[in-house]
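Worksheet: one structure, shown below.
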Amino acid sequence: MKKYFTIALATLLLPVVMNAQVPNYSFENWTSMGSYDNPDGWGTMNNTTALASIYTVTKGTPGNPGSYYMKITSKTVGPGVVGGIAVSGKLDSMTMQPKSGFAFNQRPASFTGKWQHMIFGSSQGSVTATLTRWDSNTNMRVPVAVATQTLSGMAMSWANFSINFSYTDGGYPDTCIIVLKASGANPTNSDYLWVDNLAFSGSVVGTGAEQSLLQQVAVFPNPAGNTMHVKMNLAKTQQVRIAICDLQGRIVQSEDATLQAGENTRTLDLSALARGTYMLRVVAEEGTAVQTIVAD
């Protein structure tokens, strides 16, 4: 397992819970779509599975606290099983990937809430909150932090959860996307995840505006085949993290190293990446640099 480190960030745990910033955080508000209700502010697969009179997200009662909670359940639809999923924003029902999130400009320490969950196969679901920001220099979305946890075992009664954010950027986000999944890649009928009272807790101090590396970072070749070289000049010996992120801000590959002052060149193995566009991010003690790269 790769080691991760935090650069120039101080964690300040404050006695504050920012649940009002999660849309419909207690799932008290639902809109009737005719044959089913949908939680306000959340994207689901209901609009697709409704054709078979099957619904993967439904209203549960009573809430904990409140009147309602959200029930996410994987369901058999025709010859296969549709994984239960809910996204805080818009969901692409074809790819089952989030299309958008909600405006959010804080740096919380953790993502919290209450859950119950169980699977009937071997493919555990997950809870993920991703913070990103728009970078006007690269005209791309940059990952700021992610809090993610694969479900483990089962929780047959309401239990509290708290998932810490891992920060890779010193700036402040402008968007958050929460993705809740009842199952993993191989869903089984009736896998479920029930959630309520979602919130952000604590605060992590950032650097304000993002810094830039004192020396330019260069990548070559770009587009690249199986290998890419990252060249950088550093003012002093320091820890450096090189991360490759997809366009949704998820880290798909990373490495950490202690590099010497002066010119350094790292060779990255891209053979495991699917063809496409990614963001390469270099995080050092003296700042950060972002490059758009293409795996060919």
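Annotations
- Residue in region 219-255 that is most open to solvent (accessible area, probe 1.4 Å), counting only those that are in contact with an Asp or Glu (Cβ under 8 Å, 6 or more places away or on another chain) and among the basic types (K, R): K236
- Qualifying positions in region 235-290 - at pLDDT 90 or above, aliphatic (A, V, I, L, M) and out of contact with any Ser or Thr (no Cβ under 8 Å at 6 or more places or on another chain): V252, A257, A272, L273, A274
- Failed condition for G153, given (1) open to solvent by 20 Å² or more (accessible area, probe 1.4 Å); (2) touching a residue at least 40 places away in the same chain (Cβ under 8 Å); (3) farther than 19 Å from N24 by Cα; (4) not aliphatic (A, V, I, L, M): (2)
The values are calculated or read from the model by the stated rules, or taken from the named source; none is laboratory data. Treat the numbers as computed from the prediction; the structure is a model and nothing was measured. FYI the Cβ positions are ideal-geometry reconstructions off the backbone, even for glycines, and counts take in every protein chain you see. Surface areas here come from the heavy atoms of the whole protein model, side chains and all, with no ligands, DNA or RNA. Shrake-Rupley method; radii C 1.70, N 1.55, O 1.52, S 1.80 Å.
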